[in-house]
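K.L.:
Right, I'll just put the structure down here and ask away after.
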Amino acid sequence: MNRFPCPPRFRWLAAIALLATAPMAGAQPATPPAATPAAPAPTTAAAVTLSDLSWLSGCWRGSVNQREFREHWLPLRGNLLIGAGHTVTQDRTQDFEYVRIEPRADGLHYVAQPSAGKETAFRLADRQVDGPDTIFTFANDAHDFPQRIVYRRGTEGWLYIHVEGRVQGEERKVIYPLRRIDCESGDLIAK
């Protein structure tokens with residue numbers, strides 16, 4: 001019996017929502033910095049453009065519980081950001097997906113097409129600034145899991161991807177801590 005009622009692409013995300021996370025060796029903690037006492041200042045999603053997300057361009061790597069995940073984003077071109085994600089466990093591909101961020105009539109959309117399913121779109125619902133971090137929240141309340149995908153741009157080359165939503169009536173959140181890396185060598189880049 002499937003423990004998590006969600007498409008195959010997100011089933012493993014729901015499963016690892018229960019697992020503890022650990023940072024890469026010599027890295028800062030896997031959880032993003034605690035929010036400052038003042039509430040983050042929201043920005044209307046309508047004011048966000050693709051160029052506000054062009055910092056994603058390049059390669060990102062992280063690991064949690066023997067899973068290594070990478071995202072590679074091409075530079076903004078032709079009014080579209082295109083990326084690919086790849087997850088490997090013990091030298092075996094666990095999952096991959098194609099992603100893009102594109103403008104539509106109702107705003108920016110994060111569109112994921114997983115290796116085992118059809119594409120799903122999440123509309124940009126919010127952008128917040130929390131200290132030096134910028135947080136972009138994409139949402140699709142009609143989707144089973146996840147309902148929210150959050151990209152938190154941290155400092156010193158950190159990116160935290162939150163995959164959030166309800167699984168069997170319980171709120172779940174998986175945080176993927178990634179560092180910017182050189183696409184060729186895999187060396188960390190702090191910027």
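Please treat every number below as a calculation from the coordinates, not as lab data. Model, not experiment: these values are computed from the prediction. FYI the Cβ positions are ideal-geometry reconstructions off the backbone, even for glycines, and counts take in every protein chain you see.
K.L.:
Go through (1) among the β-branched types (V, I, T); (2) closer than 18 Å to W60 by Cβ; (3) surrounded by 18 or more Cβ atoms within 10 Å (Cβ to Cβ); (4) in contact with a His (Cβ under 9 Å, 6 or more places away or on another chain) one by one and return the number of the condition T93 breaks.
P.N.:
Evaluating T93 over (1) among the β-branched types (V, I, T); (2) closer than 18 Å to W60 by Cβ; (3) surrounded by 18 or more Cβ atoms within 10 Å (Cβ to Cβ); (4) in contact with a His (Cβ under 9 Å, 6 or more places away or on another chain) leaves (3) as the failure.
K.L.:
Within the stretch 77-110, count every residue that is farther than 22 Å from G154 by Cα, touching a strand residue (DSSP E or B) at 6+ places or on another chain (Cβ under 7 Å) and of a type outside the set (S, T, Y).
P.N.:
So the answer is 10.
K.L.:
Out of the residues in the stretch 141-171 that are in contact (Cβ under 8 Å) with a residue 60 or more places away in the chain, of a type outside the set (G, A, S) and part of a loop (DSSP other than H, G, I, E, B), which is surrounded by the most Cβ atoms within 10 Å (Cβ to Cβ)?
P.N.:
It comes out as P146.
K.L.:
If you don't mind, there's one more thing I want to ask. In the stretch 79-108, what count of residues is obtained for those that are farther than 18 Å from D126 by Cα and of a type in the set (D, E, K, R)?
P.N.:
Residues that pass the stated criteria total 4.
K.L.:
Look at V174 and say whether it is in contact (Cβ under 8 Å) with a residue 60 or more places away in the chain, within 18 Å of T120 (Cβ to Cβ) and outside any loop (DSSP other than H, G, I, E, B).
P.N.:
yes
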